[in-house]
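Notes to accompany the following structure.
What follows is calculated from the coordinates using simple rules that are stated; it is not laboratory data. These figures come from a predicted structure and were not determined experimentally. Methodologically, a virtual Cβ is constructed for each residue, glycine included, from the backbone with ideal geometry; neighbour enumeration extends over all protein chains shown.
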Amino acid sequence: MWLDIYEEFNELSKEEQLALFEAMKQDLYPVEPEKITKLLNSIRESRFSAGMACVHCGSMSVKRNGKYRSRQRYLCKDCGKTFNDMTNTPFSGSRYPEKWVKYVEMMVEGYTLPKIAKRLKIHISTAFYWRHKILYALETHGFNLLTGIVESDETFFRESMKGSEIAHRKAKKRGEKDEKRGISNQKIAVVVAQDRNGNTIARNAGTGRFKAEETDAVIGGYIHPTALLCTDTATNYKKFAKMKKLQHEPVNERQKQRVKKGIYHIQHVNNFHNRLKKWMERFQGVATKYLDNYLYWFRWLEIGKNLAFEKQVEQMLISACQKSNKTTVNMIRCAEAKKTA
Ligand SMILES: [Zn+2]
């Protein structure tokens, strides 16, 4: 059937052939220029919400300076440097907005790197660096202050010394043991704290004995002094509550005292732990040095999970581009080298 049509294709003029090709391409791989334009406008408005300021020096003395590859460029009259809407964002230097949007869609869906690389026809290392550049950029937004009843509990992940996911996938052979994958028997404590408005912190608190000081280091700065802390009966939390002068309701899970006075419990954080573990399975053991990035990613998805998919994508894209962020591939490489050393 298609061969018949293809035969007739040869009777068309070169121009008609190209027009047909474009029409078929649009049918098969539709691009939505209007959607992209809208998103780019939203990014620009959010990035420059306080006025058009130079992304290099902050000066407001900025003028439009022509277009390069169909994108508006600006020139700073103070430092003399030029920039565009995407300079110093995770997507600077990449020319295909459709790919960024698709990439962020796949992050909202939680795709693994091999799947992303295949779907977007990009190299797996490009997919890797985009992921971490986006996550580092998102993390600059930090955490909200937790107020009211704050549940907190830790869960454990196995330590993994493996390098980036790319190297790991190449090196691993069938039947190789865990030691070769760089997974140790050490456990990493991940502390999750959540208030009843859904504000959530999830952070790597390190290996070894999990003490009040570690708890303080990861969540201490984000708990309002008037908050009421709900935890299990572990002494580290008792000590932590004392240190911070927080009201404290320890719940004894072992004695089946699951809910105190009808409201004090840690079931929301424990459910969060379960969803987190399930979500992490697909990555087959995340390198410990990137654990915080994944925790932030999952937390982001959890907070936005009741929004429509399109809205989640838009928020992630805008938030990743909102602040000027110069995390480059080289910086991620250096961080990797340093942590491995
Ligand atoms: Zn400047």
Exercise. Quick one: in the range 193-203, which of the residues that are of a type in the set (S, T, N, Q) and in contact with a strand residue (DSSP E or B) (Cβ under 6 Å, 6 or more places away or on another chain) is surrounded by the fewest Cβ atoms within 10 Å (Cβ to Cβ)?
Worked result: Asn199
Seminar exercise, completed: Per the filter on the range 104-128, residues under 29 Å from Lys187 (Cβ atoms) and of a type in the set (Ser, Thr, Tyr) are Tyr111, Thr112
Problem set entry | Extreme residue, surrounded by the most Cβ atoms within 10 Å (Cβ to Cβ), among residues of the range 34-70 that are basic (Lys, Arg) and under 16 Å from Leu317 (Cβ atoms) | Arg47
Problem set entry | Answer residue from the range 47-101, given it is part of a loop (DSSP other than H, G, I, E, B), among the aliphatic types (A, V, I, L, M) and in contact with a strand residue (DSSP E or B) (Cβ under 6 Å, 6 or more places away or on another chain) and is farthest from the ligand (Cβ to nearest atom) among those | Met52
Exercise. Among all residue pairs at least 6 apart or on different chains, which show Cβ distances below 6 Å where the first residue, located in the range 131-158, is in contact (Cβ under 8 Å) with a residue 40 or more places away in the chain and the second is surrounded by fewer than 16 Cβ atoms within 10 Å (Cβ to Cβ)?
Worked result: Thr140/Lys323; Leu145/His224; Thr147/His224; Gly148/Arg196; Ile149/Arg196
